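> Encoded as structure tokens, here's the structure I'll be asking about.
Rule-based calculations on the coordinates, nothing more; no lab input. From a predicted model like this one, the values you see are computed outputs, not experimental measurements. Every residue, glycine as well, gets a Cβ built from its backbone with ideal geometry; the counts of neighbours run over all protein chains shown.
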Amino acid sequence: MNDEDLVFHYHREERLENATPTVRDFYEGKGPTAPKGIFEALVHTKASRYSLFALILVLAFFLGFYFFGSKSYEDSLNGINYSLSAFEFEDNIYVSIKLTEKSTAGGEKVAGGENATTDDEKSSTDENASASAEKEISVQICAIDNENQIVDKIIFTKNDLKDGYFRTVFFNHDIIKITAEITDEESQSKIQLSTKVTGEKK
């Protein structure tokens with residue numbers, strides 16, 4: 001007998017007689033239905049709910065670290081807060097380090113300057129600002145190019161502090177990052193700051 005002479009018969013009911021209840025329910029349309037919408041798909045099963053919860057935790061961690069974590073361009077040393085910034089304008093990179101210290105009222109005031117809000121606080125502010133200006137500190141600022149090489153550097157002392165800022169300008173030799181090492185000469189404690197240069201690159 002040739003294969004062409006064979007006749008195959010398919011009886012769905014007979015086939016389903018020996019099937020499991022799950023299979024019979026599926027063919028009868030009683031099985032589980034597919035979730036509708038993206039959110040239902042994410043919480044449709046226990047495993048998917050765990051995955052969604054883990055994803056939310058990871059996202060919350062990164063957002064919290066981004067907004068509340070330590071920043072490379074800010075740090076404090078012996079009661080003085082230092083904030084490094086750098087931006088490009090034409091062919092120059094303008095760099096500044098701002099010095100502030102916590103006041104007794106809980107706010108901030110410029111180190112080496114006057115920023116009191118009331119007459120009663122002014123004398124205290126002046127005394128603390130003067131103390132900040134008298135600290136023996138040295139600041140080394142380095143300009144880093146796109147090959148991570150130091151192309152220029154400058155060293156400041158407390159005598160270069162003007163209105164609560166250390167400021168300098170670098171000629172733009174493809175500078176993309178600025179680093180600063182601040183040293184308290186009395187205690188020899190140090191902090192490191194770094195920031196990317198902001199502004200449009202040509």
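> Just rank Val139, Val169, fewest to most, by other beta-carbon atoms within 10 angstrom.
Lowest to highest Cβ neighbour count: Val169, Val139.
> With label points built 7 Å along Cα→Cβ from the Cα atoms of Tyr27 and Gln192, find their separation and express it in nm.
It is 7.0 nm.
> Taking the Cβ of each residue in Glu186, Glu74 as the centre, tally the other Cβ atoms inside 10 Å and list the residues starting with the fewest.
If I rank by nearby Cβ atoms, fewest first, I get Glu186, Glu74.
> Using the Karplus curve 6.51 cos²θ - 1.76 cosθ + 1.60 with θ = phi - 60°, work out ³J(HN,Hα) for each residue of the stretch 166-181 in order, rounded to whole Hz, and write x for Gly and Pro.
9, 10, 7, 10, 10, 6, 6, 9, 6, 6, 10, 8, 10, 10, 9, 10
> Fewest first, what order do Phe170, Phe39, Phe156 take by the number of other Cβ atoms within 10 Å?
Phe39, Phe156, Phe170
> Can you tell me which of 77-83, 54-60, 149-155 comes out highest on packing, and rank the rest after it, using the mean Cβ neighbours within 10 Å?
Taking the mean over residues of other Cβ atoms within 10 Å, the ranking is 77-83, 149-155, 54-60.
> Hey, another quick one. Rounded to the nearest 0.05, what FRET efficiency is calculated for Asn146 and Thr183 with R0 set to 25 Å and r the Cβ-Cβ distance?
0.35
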